[in-house]
Structure formats: structure tokens, C-alpha cells
Amino acid sequence: MPLKTDTVEEPNLNLTPMIDIVFLLIIFFMVGTRFTDLERQYEIQLPKVADARPLTGVPDAITINISNDGQIEVNKSVRTLEELKDDLTAARERYDDQAVVIRADGESKVQHAMDVLSVTMKAGIRNHSLAYKIKPEGAL
């Protein structure tokens, strides 16, 4: 009767890759810290400008809501067509490609939406769109 003479290998955990990653992270942070120290050692007076634009992203689109009776609302405040034109002109001066979304009530007159669309064009807004909903299939 043969006897089993091989020893059973127990599973082991190889920590070498994890130690390598830890050392790489330590080196990365040490080098990064060194670069920030190098930046601070120079006494540089940055130039000053009178008119600088902020380094921000694209502003959100201005949403204009038109109720059934033709009332115009922007940011929860009621506006006339003249006030709307002034607001849109100021927004375009701040950001040349300002977007505008016109949301008209489905039961309102088309004339109300066309008046607002005309005001956006007079204010110099080129990026405007009309909001809508998709009808369910089979509906007319």
C-alpha cells in the first residue's frame, strides 16, 4: 500500500506587488511636494490687468417660461419684454454664446413665444431653443 509522501502546500499571500505600489505612491507624493516647494521660492510679482474674465465654465442656459396668458417668467420673477431684452443683452455681454431655452405653455398662443424669440434675437442671442415634450406613441 503506497503512502502519500508529498506535503500539501498551504496557500500564501504574495505582498510584493502591494509593497511596490506603496513605494511608488510614496515617491510620487514626495516628488509632488518638492515641486510645490520650488514654486514658492521665487518672489514673483504677477502683472495686474484692469479687465479680466473669470476662468469659469460655460454658464447655464437661461430658461424663459411663458404661461398660458402670455406672462413671461425668468428665474421665478415676472418680466416684461423690455426687461427681458435688457437681461438678455447683459447676459450676452458677459458670455457671448449664452444659451436660452424658451418654454411656452402648450395651450398658449404662438404669438407669445414668437415675441420672446424676437426679443432674444434683438438682444443678440444666437443660441436659443424651444423646449418640448415627446408625445406617447399613437397619440396625435
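Quick check: anything in region 124-132 among the charged types (D, E, K, R), in a helix (DSSP H, G or I), under 18 Å from residue 58 (Cβ atoms) and within 22 Å of the chain's Cα centre (by Cα)?
Checked against the condition, which is being among the charged types (D, E, K, R), in a helix (DSSP H, G or I), under 18 Å from residue 58 (Cβ atoms) and within 22 Å of the chain's Cα centre (by Cα), region 124-132 yields no hits at all.
Among the residues of region 37-57, are any modelled with pLDDT of 75 or more and surrounded by 10 or more Cβ atoms within 10 Å (Cβ to Cβ)?
No; the residues of region 37-57 include none that is modelled with pLDDT of 75 or more and surrounded by 10 or more Cβ atoms within 10 Å (Cβ to Cβ).
Just to be sure I understand, how many residues within region 68-88 are in a strand (DSSP E or B), of a type outside the set (A, V, I, L, M, F, W, C) and closer than 14 Å to residue 103 by Cα?
1
Pick out the one residue from 64, 26, 72 that is over 16 Å from residue 117 (Cα atoms) and modelled with pLDDT of 75 or more.
The match here is 26.
Filter region 98-123 down to residues that are part of a helix (DSSP H, G or I) and among the charged types (D, E, K, R) and give me whichever is farthest from residue 85 (Cα to Cα).
The qualifying residue farthest from residue 85 (Cα to Cα) is 115.
Residue check, residue 64 against (1) in a helix (DSSP H, G or I); (2) in contact (Cβ under 8 Å) with a residue 24 or more places away in the chain; (3) aliphatic (A, V, I, L, M), all met but one. Which one?
Result: residue 64 passes all but (1).
Among residues belonging to region 100-123 that are among the aliphatic types (A, V, I, L, M) and in contact (Cβ under 8 Å) with a residue 40 or more places away in the chain, point out the one that is nearest to residue 60 (Cα to Cα).
101
Looking at region 79-115, which of its residues are loosely packed, with under 12 Cβ neighbours inside 10 Å and either in contact with a strand residue (DSSP E or B) (Cβ under 8 Å, 6 or more places away or on another chain) or closer than 19 Å to residue 130 by Cβ (or both)?
Selection gives 80, 97, 106, 107, 110, 111.
The values are calculated or read from the model by the stated rules, or taken from the named source; none is laboratory data. None of these values were measured; they are calculated from a predicted model. In this analysis, Cβ positions are derived from the backbone assuming ideal geometry, glycine residues included, and neighbour counts consider all displayed protein chains.
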